[in-house]
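Just below is one structure, and these are the notes that go with it.
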Amino acid sequence: MTATINSPTLPQTLPDHTQLPESDGTFVKNFQEHPQSILLTDSLDTILQNRHPDGQYCIGQDCGIYWRLTDPPERGAEAPDWFYVPNVPPSIKNQMRRSYVLWKELIPPFIVLEFVSGDGSEERDKTPLPLHETETEQKPGKFWIYERIIRPAFYGIYEVNRASIEMYHLVDGEYRLLAPNERGHYPISSLGVELGIWQGEYQNVELPWLRWWDARGNLLLTGHERAKVAEMKAERLAAQLQAAGIEPDV
């Protein structure tokens, strides 16, 4: 007799983000993860506002992407450290998203990023889903799930300890490893940005950080950095006016 995949009985209405767990109870791996996610989101804000004047996009930071209905539900989810989905509402029925549910949304993320604290084997695991799954069998590999099921156009693996990135682009249903450009960045041309490593201080910590640049190689600044640059320009202008005998306040 042919074995069959053990799966829960499907309800008449598939669950949405309010009915699925928003956490699997695991700890954040290190103190850099949350600031790193905030840095990526904050500095990309202007680009996304220009790209989506209607505000129809969402950013996930360590949030679950449900790709399969399982028991328990968390077994059918991946929680990337950072991801961006275009052309979807940022909230649903005036509720903040608890997770991203593929069978409700249908639109895959455009970019998924994983921050690796270990050796990266989990993020590169291509183990497929068994044809005849049992409850004791291991979950399929994260790389396989992204490539074959969730299918973001770009998948990045950032090894924090080595300050290195692997970027993959989905082409003809398979991930192809991208080569960096002359600046050492990975262009995402359809978004008009590049992704790379920046050595500097953010939130009072000097580290290599994963950051965005525009297509010309200009670093995309956070809101705080833009305000600081504007303040410095205002101070220089005031000094120039005073040197010319003009009081800036007049």
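Read the figures in this text as sums done on the coordinates, not as results from a lab. As the structure is a computational prediction, the values presented were derived from the model and not from experiment. Don't worry about glycine lacking a Cβ; one is built from the backbone with ideal geometry, like all the others, and counts go over all protein chains shown.
Just a few scattered comments:
- 0 to 90° range, to nearest 10: angle between helix 33-51 axis and the chain longest Cα axis: 70
- Rounded tilt (10° steps) of 223-243 against the dominant C-alpha axis of the chain: 10
- Share, in percent, of DSSP beta bridges within the chain that are antiparallel, nearest 5: 80
- 5 angstrom amide H check on Ile92, placed H, neighbours 5+ away: Arg97
- Taking 0.36 nm per residue of sequence separation and removing the Cα-Cα distance, the Ser117/Ile246 pair yields an extension gain of 40.9 nm.
- Longest DSSP-loop-exposure-free segment, GluC sites (Glu not before Pro), the chain, at most 10 other Cβ within 10 Å: 1-134
- Once C-alpha pairs closer than 8 Å and six or more residues apart are averaged by separation and normalised to the residue number of region 33-219, the relative contact order reads 15 percent.
- Spatial offset of region 188-216 relative to region 29-103 amounts to 19 Å, using the alpha carbon center of each.
- Intensity falloff of region 43-90 expressed as log10 I(q)/I(0), Debye formula with alpha-carbon point scatterers, at q = 0.20, 0.28, 0.30 Å⁻¹: -0.71, -0.99, -1.06
- Charge tally in the Cβ shell below 15 Å around Gln203, where Lys, Arg are +1 and Asp, Glu are -1, Gln203 excluded: -3
- Eligible lysines near Lys93 by straight Cα distance, threshold 19 Å, same-chain separation 8 or greater: Lys104
- By definition, a body whose alpha carbon gyration tensor gives a ≥ b ≥ c is prolate when a/c is 1.5 or more and a/b is larger than b/c, and region 175-225 fits this prolate description.
- Sequence of Met96, Met167 once ranked by neighbouring C-beta atoms within 10 Å, starting from the fewest: Met96, Met167
- 3J(HN,Hα) along region 78-89, derived from phi through the Karplus expression 6.51 cos²θ - 1.76 cosθ + 1.60 where θ = phi - 60°, amounts to 10, 10, x, 5, 7, 8, 10, 10, x, 6, 9, x Hz, with x in place of Gly and Pro.
- For region 105-116, 3J(HN,Hα) per residue [Karplus equation, 6.51 cos²θ - 1.76 cosθ + 1.60, θ = phi - 60°, Hz, x = Gly/Pro]: 8, 6, 7, x, x, 8, 10, 10, 10, 10, 9, 9
- Percentage, to the nearest whole number, of Cα pairs in the chain over 30 Å apart: 35
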